Structures are given as structure tokens and as C-alpha cells.
2 protein chains.
Amino acid sequence: MDFLKTYATLIESEIHQLNLPETPKTLYEPQRYILASKAKRVRPMLTLMATGMCGESIEKGIPAALAVELVHNFSLIHDDIMDQADSRRGSETVHIKWDESTAILSGDGMLIQAMIQLHYVADNVDHKKLSRVFLEGINKVCEGQALDMEFENRLNVTPDEYMDMISGKTGALISVSLVMGGICAKADQKKLEALSEVGYSLGRAFQVQDDILDVIADPEKFGKKKGGDIYEGKKTYLMLKLLERCNKEDGKWLINCLENKAMNQDDVLRVINLYEKYGIIDDAESLMKTYYLKAEKALEIFEETKYKGDLLQLINFLKNREF
Amino acid sequence: MDFLKTYATLIESEIHQLNLPETPKTLYEPQRYILASKAKRVRPMLTLMATGMCGESIEKGIPAALAVELVHNFSLIHDDIMDQADSRRGSETVHIKWDESTAILSGDGMLIQAMIQLHYVADNVDHKKLSRVFLEGINKVCEGQALDMEFENRLNVTPDEYMDMISGKTGALISVSLVMGGICAKADQKKLEALSEVGYSLGRAFQVQDDILDVIADPEKFGKKKGGDIYEGKKTYLMLKLLERCNKEDGKWLINCLENKAMNQDDVLRVINLYEKYGIIDDAESLMKTYYLKAEKALEIFEETKYKGDLLQLINFLKNREF
């Protein structure tokens, strides 16, 4: 994706120049490790595009872009402990490569480094406003993660509750990435609200799409086992919609499967058949499209610039992804 | 301690008014729980005293005072996981009462709430400066905790390295508590540096004193088993000083004990005897007094006010504590 190259190069170079201290190793090595792992850097790109779209040179958004990327990595370190995930981006997770204590502490340190980045914004940028938007956003991410954990122990989660959870867990940081880019360009409130809307819509669209791809994607390209979410008994949008819509008999079987939390290949195939029987995938695809459209709609108030073009192209790319 | 009552009442009332949201419970209940546990609130008191000493009404320091108390509690939640501590202030620790994931997440949330408090400072207070001092301080606390963890696996820690570790783990937040109080009163750089010095000295004095009290305090008053640190094989200032000073024979025995990490009552008594033989306790007491004196000295540049009087009285109380 050539149109992303300028942003990507700039972000990698800035991350490289962070120059975290060498010691104490327990604190900084895991931070360097996760930052060096291959990542798409979507969030900081959004920040830079937003700064450009609001009429400033994208360099002005760099501290905010770094802040969102650092916070994203902080949340990965801590979420991987909570989810007991062993690998991430093809490498061992921090708590596996080191240990849980080191992962907790280095995650804390990374959250602090993220907030420290905001001090490097230009003097004429409203630091207090930037800080408030950022912190309220990160708090929403924590709320989303809390809901996600609570949902694991509940069977009566509705699709709407799921979308609210996603709004926090995924949407809030994407929204904050864009809004902070706008604040760095001193955009007015109307533009900031539009950027926020774009972010939340993208977050929702992206997650529903992830849930769909689990079932329909080519496992080779997607990098995950087909129906992996179903094997794990995850309460995805599809699963919750199915629970809401299916008849008593199918529901009884499904709940029984989810309560036992272990599905075999036949169960998974049966769930996928039920998705088709009840039109769940079509429904989810239509919801996803609605949110992508909402994001594009919210961008209409911005002038046509190269940056807006890049953002629309990025949205288009995400919309059509197969992995 | 009557002279502390005004501060204590104000702080408890402000904590009570924080009004953390009710849900998600997983995120906010542990935060409410740890804030409701009985605590001395020394750090926020220091903030308010510093604001008063620098010529402002103490109310102006409240957001900073709340921020340091919240950050202190964030660090307790996460440290207790890392130290696998089961109880704190006579109650179950968060990761025991709930679970580790909940403790990680609610600790994260508490750190964010702490930062959010700083937005409530008066408009004429330099928010960016306050934020920078605060974050750099918390990062030093993390560095101290990292060193502390690294020391557990090293036998060649020097007493000087120990004091550096303490500077971060305990001193940095006490220093930040005072400096932020000064910033809220728009104190000049000279005063802020003096406040920082007071904080670091108090932190060092306090920790060395804790190490001494483990051996000489009345266990009933101190609330811990006599020699508890020795039983645990902790590398306290006393232990490291002893390792540095003792002869080869005593050293060989001591290292053997520490490597096996299990001391019985006879071993503990023998260590205490070695402390006496090598004058370790006298030495530590003299170091502690030096730091308390340094703190008092650094306060000399401040005018004589009720607040300075209160702070000196607090230092005097700490100096003479037997628990």
C-alpha cells in the first residue's frame, strides 16, 4: 500500500528515536521488544492523517501519534496476560518471554511513556485538552476490557451490549487517535466531533468484520483457524445474534455447547450452518457496511485534501480486507 | 495526631466525592474497595502542606493530592500481584478478593483516574508542568520497582544500589507529592527543588527506618513478626550492609542462608547478633537520622507558617515512630 508509506516511514523512524533508557532492563527491554515487533501502526497513521486533514503539517501530530501507538502496545501487554495469550504477531507475548510481574510492570511503564509523549506537542497546542481526551479515551478502553471480561461469565449478553463493549475496547482508541490528530491541528469542535464519529464507526465496523472473517475468510490468508472463535466459545457478534434469533431447540443446544466451553469440529460446522440458516452473516455484513458508510459520511465536512483521500483509501482497504 | 486532622478530614471527604461510576463493576469496585481501606494518606497530606507552605490556600492543592493518593493505590494493587501478597491494611488484596486480571485492569484504571484528577487544577496552574513532574515521578517509581525485582535475583547488591532503588520506589512519589503541592501554589524553581529534596530524603529515611524497625520494634506495635524481613531473606539495608562488612566466615554462612531462602528462628537470631557484632543497626540509625536532618535542612528556605510547622511536626512524628 504505497499511499501509506510516508506515514509508515515517519512513524517507524519516530519510534526508533524514542530512545528508552537501557536500564532497569526489567522495565525497558519488554517495552523495546513489543515496539520492535511487526505492527500495522494503523492508529498513529490515523492521527497523522487527521492532523493533515485539519490543515496542519502532519509532523505536528507526531507526539499524539506516538502516544496512541504506545498506549495500544500497553494494552496489548496487559490484555495478553488477562487472556493468557502465548503469542502475538508471531512472537512470544511479554509475560511468556519474561514473566507476569515483568509484563505488568513494563505495561505500566509503557502507559506512562505514552502520556509523557504528549508533553512534546508544540506550545500552541492545547495540552490540557489533548491530555483529557486521551485519558478519557484510555479509560473507555479499560471499561470495554472490563465488560469483555464480565461477558465471559454471562450467557444473556445482547448484540447491543456487545457493540457497546466494542465501542470502548476498540472504538475509543481509534476515535482518540483521530481526535488527537485534530487537536494538534487546532481543529474546531465540529471537526473534532466528526473525527470522533469516524473513529467509533471504524472501530465497530472493524470488529464486526473480524467476527465475520473468522467464519468466511481463507484460513491461510487470515492466519487463524476457520471458526477459531467458535471453537473457543467466544461470544462474537455472530454468536450473540444467533442466540437472540434462533428457535428454542437450536438455542438449547447452543447454550449447552457454550456452557461446556468445548466445541468439536462437528459442533463448529453446525454453528456455521446455523449462521446460514438464520441469515446471521448477511445481517452482520450489513451492519459492518452501515458503520463503514457512517465513517465515510462523517468525513464529508472535511475539505478534499490528499490526507482525506488517504484516509478514504485506508477505509476502503479495510472494508475490502480478506484477513 | 490532632495537627493532621484538618488535612485528613479534607482528604477523606474529597476521596468520598470522587464518585467513580458504578459499572463496569470489574473496573470500579476494586478501585472503590482499596480507597475505602484504612490508610494514613501521608502523601496527599504532604501535597496540601506544600501548597500551604508556598502561600496558597491548601484547597488549591486538592487535585494534585488526590492524584498522588490514587497513584499510590494503583501501585499497591499492582505491587501486591507482583509480590504475591495476600493481605494489605488488614484486608484481602485485590487480586485475592477478585483475581489477577481484575487487579491488573483496575490498577490500570486507577492510574488513569489519577492522571484525570490533574485536569481539575485551577486554570492559572501550569497543567503541563504538573503533568510532566507527575509522570516522570511515577516512571521513577516503576524504575524502582524494576530494580527491586532485579535485586531479588542478585546477591551482589551494594547498600548504595539499595538506596538508589529506594529513591525511586519510595522517594520519587513522596518527592512528587510535595513538588506538585508547590506547583499548585506557583512556587518558584528554588522552592520546588527544596521540596523535591525534602521528599527524597524523607523517602530514604523512612525506608531505612522500616528496615531497622523490623529488628528492634515491639512486634505487637509494629504489627509484623520480629525479624520478618530476615525470615523472608529480604535484602534490606541492614542485610546488604552486613554482607558488605562481615568477615569471610560470617559472609559464607550468610550467603548460604540467602541462597537457600529459608531461615529458621536460630538463623534469624544469629543474623540479629551479627547486626550487633558489626554495628549495623547503629550505622543504619545514623544514616536514617542524616536523611531526616537533610529533610529538615531543606525546609529552612521556607517562611515560618502554620503549614511548615505541621510538616516539621509530621517529620518529627515519623522520626520517633516505633511502628
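The values are calculated or read from the model by the stated rules, or taken from the named source; none is laboratory data. This one's a predicted model, so the numbers in the text were calculated from it and none came from an experiment. Cβ: placed from backbone, ideal geometry, glycine included. Neighbour counts: every protein chain shown. Remember, those area values only see protein heavy atoms, side chains included, never the ligands or the DNA or RNA. Shrake-Rupley method; radii C 1.70, N 1.55, O 1.52, S 1.80 Å.
Assorted remarks:
- Inside region B:79-89, residues that are more than 13 Å from every other protein chain (Cβ to nearest Cβ) and of a type in the set (A, V, I, L, M, F, W, C) make up a count of 0.
- Filter result for B:Val68 (of a type in the set (A, V, I, L, M) and within 14 Å of chain A (Cβ to nearest Cβ)): no
- Yes/no for B:Pro63 being open to solvent by 10 Å² or more (accessible area, probe 1.4 Å) and touching a residue at least 24 places away in the same chain (Cβ under 8 Å): yes
- Of everything listed in (1) at pLDDT 95 or above; (2) within 30 Å of A:Thr102 (Cβ to Cβ), the single unmet condition for B:Ser87 is (1).
- Evaluating B:Gly203 against the criteria (1) open to solvent by 20 Å² or more (accessible area, probe 1.4 Å); (2) under 12 Å from the mean Cα position of the chain (by Cα) leaves one unmet condition, (1).
- Hits in region B:280-298 - residues which are of a type outside the set (A, V, I, L, M, F, W, C) and open to solvent by less than 40 Å² (accessible area, probe 1.4 Å): B:Tyr291, B:Tyr292
For every residue, the table says whether it meets (1) open to solvent by 40 Å² or more (accessible area, probe 1.4 Å); (2) of a type in the set (A, V, I, L, M, F, W, C).
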residue: B:Ser131; (1), (2): no, no
residue: B:Phe134; (1), (2): no, yes
residue: B:Leu155; (1), (2): yes, yes
residue: B:Val176; (1), (2): no, yes
residue: B:Met180; (1), (2): no, yes
residue: B:Gly199; (1), (2): no, no
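- Cβ-Cβ under 9 Å pairs, at least 6 apart or on other chains, region B:212-227 side closer than 18 Å to B:Met288 by Cβ, far side surrounded by 13 or more Cβ atoms within 10 Å (Cβ to Cβ) and modelled with pLDDT under 75: B:Leu213/B:Phe222; B:Leu213/B:Lys224; B:Asp214/B:Phe222; B:Asp214/B:Lys224; B:Ala217/B:Lys224
- The sole residue among A:Leu111, A:Leu76 that is in a helix (DSSP H, G or I), at the interface with chain B (Cβ under 9 Å from one of its Cβ atoms) and either buried (at least 23 other Cβ atoms within 10 Å of the Cβ) or at pLDDT 95 or above (or both) is A:Leu111.
- Looking across region B:259-279 at every residue that is among the hydrophobic types (A, V, I, L, M, F, W, C) and loosely packed, with under 15 Cβ neighbours inside 10 Å, the one that is modelled with the lowest pLDDT is identified as B:Ala262.
- The residues on offer are B:Leu10, B:Leu27, and the sole one that is within 14 Å of another protein chain (Cβ to nearest Cβ), out of contact with any strand residue (DSSP E or B) (no Cβ under 9 Å at 6 or more places or on another chain) and touching a residue at least 24 places away in the same chain (Cβ under 8 Å) is B:Leu27.
- The residue that is nearest to the chain's Cα centre (by Cα), counting only those in region B:96-134 that are over 30 Å from B:Asp188 (Cβ atoms) and among the acidic types (Asp, Glu), is B:Asp108.
- Of the residues making up region B:119-147, those that are closer than 15 Å to B:Ile62 by Cβ and facing chain A (nearest Cβ under 8 Å) number 2.
- Within region A:90-108, the residues that satisfy the criterion of being at the interface with another protein chain (Cβ under 10 Å from one of its Cβ atoms) and crowded, with 24+ Cβ neighbours inside 10 Å are A:Ile104, A:Leu105, A:Ser106, A:Gly107, A:Asp108.
- Sub-6 Å Cβ pairs linking a first residue in region B:259-281 that is charged (D, E, K, R) to a second residue that is in a loop (DSSP other than H, G, I, E, B), at least 6 apart or interchain, are B:Lys261/B:Gly233, ordered by first then second residue.
- Verdict on A:Pro44 being open to solvent by less than 10 Å² (accessible area, probe 1.4 Å) and within 27 Å of A:Asn139 (Cβ to Cβ): yes
- Residues in region A:118-129 that are touching a residue at least 24 places away in the same chain (Cβ under 8 Å) and either crowded, with 22+ Cβ neighbours inside 10 Å or acidic (Asp, Glu) (or both): A:Leu118, A:Val121, A:Asp126.
- The numbered conditions (1) open to solvent by less than 20 Å² (accessible area, probe 1.4 Å); (2) among the hydrophobic types (A, V, I, L, M, F, W, C); (3) over 19 Å from B:Lys25 (Cα atoms); (4) without any contact (Cβ under 8 Å) to a residue 60 or more places away in the chain are all true for A:Trp253 except (1).
- Residue match in region B:149-159 (condition: among the hydroxyl-bearing types (Ser, Thr, Tyr), away from chain A (no Cβ under 11 Å) and assigned to a helix (DSSP H, G or I)): no
- Residue count for region A:15-31, restricted to those that are within 21 Å of the chain's Cα centre (by Cα) and surrounded by fewer than 20 Cβ atoms within 10 Å (Cβ to Cβ): 1
- Residue within region A:212-226 that is among the acidic types (Asp, Glu), open to solvent by less than 10 Å² (accessible area, probe 1.4 Å), under 25 Å from A:Val157 (Cα atoms) and modelled with pLDDT under 95 present: yes
- Only one entry in A:Val176, A:Val208, A:Val198 is more than 11 Å from the chain's Cα centre (by Cα), β-branched (Val, Ile, Thr), in a helix (DSSP H, G or I) and over 24 Å from A:Lys128 (Cβ atoms), namely A:Val208.
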